[in-house]
1. Show me the helices (runs of 4 or more DSSP H) entirely contained within segment 97-204 in which 1 or more residues are more than 30 Å from SER69 (Cα to Cα) and open to solvent by 60 Å² or more (accessible area, probe 1.4 Å).
2. Search segment 206-232 for residues that are under 21 Å from GLY186 (Cβ atoms) and pair each with any residue that is open to solvent by 90 Å² or more (accessible area, probe 1.4 Å) when their beta-carbon atoms are under 6 Å apart and the residues are at least 6 apart or on different chains.
3. Just the residues that are within 20 Å of GLU104 (Cβ to Cβ), of a type in the set (A, V, I, L, M) and within 22 Å of the chain's Cα centre (by Cα), please, taken from segment 191-232.
4. Residue by residue through segment 215-232, note down the ones that are of a type outside the set (Ser, Thr, Tyr), at pLDDT below 90 and either under 14 Å from ALA177 (Cα atoms) or part of a helix (DSSP H, G or I) (or both).
5. Give me the residue from segment 39-58 that is in a loop (DSSP other than H, G, I, E, B) and touching a residue at least 40 places away in the same chain (Cβ under 8 Å) and, out of that set, surrounded by the most Cβ atoms within 10 Å (Cβ to Cβ).
6. With ALA94, ALA62 as the choices, which residue is part of a loop (DSSP other than H, G, I, E, B) and small (Gly, Ala, Ser)?
Amino acid sequence: MAGGTAGRAAVEEPGGEPTGNRRGRRSKEEILDATARVMALRGYAGTTISTITAETGLPRSAIYHHFHSKGGLLSAVMARGARGFFAAMRAAHADPPAGGTHRERMAWYLDRTAEVFATNPEFMRLHFLLLLSDEAAEAEVAEMNQQVRDEGRAYMRVMISAAFADQGPEIAEAVAAELDFFTIAGFDGAFIASQADPERTIAAQMARLTDAMVALGEAAVARHKALAQKSG
C-alpha cells in the first residue's frame, strides 16, 4: 500500500483535489500575502527575496518556482490586487440608474467609485508606490501597472458615457474620451490627499469632482453638437 502511493506527485483528498496542488496554492498565497505586507512597510527596495523567505519561512526555491523573479513576484501581487479592485468596481456599478440628470447619474458613479477606492487602500498604495519608484522599472511590473491604468481609464469612460447617454452614443463616447484622463487624475489626487489628511476623505471630494465633470462634459457636448451642425 505504502509503496503504491510513494511515487505519486500528489495524493488526492476526499474533495478530489490533489493535496500537492492545495499546498502549492497555499504557499503561493502565503508568498503574495507576505510580499504585500513587506512592500507596505519597506517599499520596493526593501522587498527582497531574502526578506520574503524570512517572512514566510519558505525556501528561496519555492519563491522562484512560483514567480521566477522579483519583478514577477511584484507583478503577481499587483495582479491579485487588481482582480479584487476591479471586481469591487463591477459590483459597485452593477445597477446604474436609467434616468435622472447628468449630475445625478455622474454623482451615482463617482460616489460608488469613491467607496471602492476608500475600501481598497492597500492596493492603491502599492499601485502608487510602484508607479513612482524608479526601481520598479522591470518590464513585468511596468506592464502590470500600465494594465491597471488602462483598465481604470476604461471604467472612467464607461461612467462618463453613461452619464451623458441621453446625448446619443457618438457624443457620449466622444465626451468620455476627452474626460477619462481628467477623471482618473481626480481620483488619484483625492486618494493621495486623503492619505495625507484623513479628515479630507475621498467621499467628501466627490461633490466638487461631480460638478467639475458635469460642467466639462456639458461644455464638450455643446462643442461637439456645434461641430456636427457645421459639418452637416
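1. Values: elements: 102-119, 121-132, 139-163, 169-196.
Correct list: 102-119, 139-163, 169-196.
2. Every condition considered, the pairs that remain are VAL214/ARG103.
3. In the first step, residues of segment 191-232 are kept if they are within 20 Å of GLU104 (Cβ to Cβ); the result is 202-222.
Retained after the next criterion (residues that are of a type in the set (A, V, I, L, M)): 202-204, 206-207, 209, 212-216, 219-222.
Within segment 191-232, ILE202, ALA203, ALA204, MET206, LEU209, MET213 meet the criteria.
4. Step one: of segment 215-232, the residues of a type outside the set (Ser, Thr, Tyr) are 215-230, 232.
Those still in the list that are at pLDDT below 90 too: 227-230, 232.
Within segment 215-232, LEU227, ALA228, GLN229, LYS230 meet the criteria.
5. At the first step, the residues of segment 39-58 found to be in a loop (DSSP other than H, G, I, E, B) are 43-48, 57-58.
Then drop every residue that is not touching a residue at least 40 places away in the same chain (Cβ under 8 Å), which leaves 43-45.
Numbers: GLY43: 14, TYR44: 19, ALA45: 10.
Of everything passing the filter in segment 39-58, TYR44 is surrounded by the most Cβ atoms within 10 Å (Cβ to Cβ).
6. ALA94
The values are calculated or read from the model by the stated rules, or taken from the named source; none is laboratory data. Note that the coordinates shown come from a computational prediction; the quantities given were computed from them, not determined experimentally. Virtual Cβ from ideal backbone geometry, glycine too; neighbours counted across all protein chains shown. With ligands, DNA and RNA removed, areas are computed over all heavy atoms of the protein, side chains included. Shrake-Rupley method; radii C 1.70, N 1.55, O 1.52, S 1.80 Å.
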